[in-house]
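Comments concern the structure below.
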Amino acid sequence: MLMKILLLAVVIFGIYYFFIKQKPIKNIKKETPKKDMDEDIMVECTKCKTYVSNKEAIIKNGKYYCSKECAGLN
């Protein structure tokens with residue numbers, strides 16, 4: 001009889017713990033790292049539509065190009 005009561009208590013606690021208990025709300029701002037200005041972002045070449053890193057891209061007239069050939073600099 002005591003084992004049945006103990007087993008029932010464990011089952012009830014398990015159901016409460018896994019299904020009913022609310023999880024604490026995490027603060028998103030603290031966990032999200034700040035974006036740095038030197039972050040590597042992929043941009044699309046205006047002419048050939050390939051993607052290139054914004055650090056390696058050539059900017060001409062406010063548009064991104066993957067190479068000097070696409071930018072018309074050669």
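The values are calculated or read from the model by the stated rules, or taken from the named source; none is laboratory data. All figures in this text were calculated on a predicted structure; none of them were measured in a lab. Quick reminder, even Gly has a Cβ in these numbers, built from the backbone with ideal geometry, and neighbours come from all protein chains shown. We work out accessible area using only protein heavy atoms, side chains counted, and drop any ligands, DNA or RNA first. Shrake-Rupley method; radii C 1.70, N 1.55, O 1.52, S 1.80 Å.
Residue pairs whose Cβ atoms lie under 7 Å apart, separated by 6 or more positions or on different chains, with the first residue in segment 53-67 and closer than 15 Å to residue 41 by Cβ and the second open to solvent by 70 Å² or more (accessible area, probe 1.4 Å) and hydrophobic (A, V, I, L, M, F, W, C), are 53/42; 54/41.
Which of the residues that make up segment 38-74 are of a type in the set (S, T, N, Q) and open to solvent by less than 70 Å² (accessible area, probe 1.4 Å)? Explain how you work it out, then say what you get.
Of the residues in segment 38-74, the ones of a type in the set (S, T, N, Q) are 46, 50, 53-54, 61, 67, 74.
Result: 46, 50, 53, 54, 67.
Conditions (1) of a type in the set (S, T, N, Q); (2) at pLDDT 75 or above; (3) in a helix (DSSP H, G or I); (4) in contact with a Pro (Cβ under 9 Å, 6 or more places away or on another chain), marked per residue:
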site: 5; (1), (2), (3), (4): no, yes, yes, no
site: 14; (1), (2), (3), (4): no, yes, yes, no
site: 19; (1), (2), (3), (4): no, yes, yes, no
site: 22; (1), (2), (3), (4): yes, no, no, no
site: 43; (1), (2), (3), (4): no, yes, no, no
site: 70; (1), (2), (3), (4): no, yes, yes, no
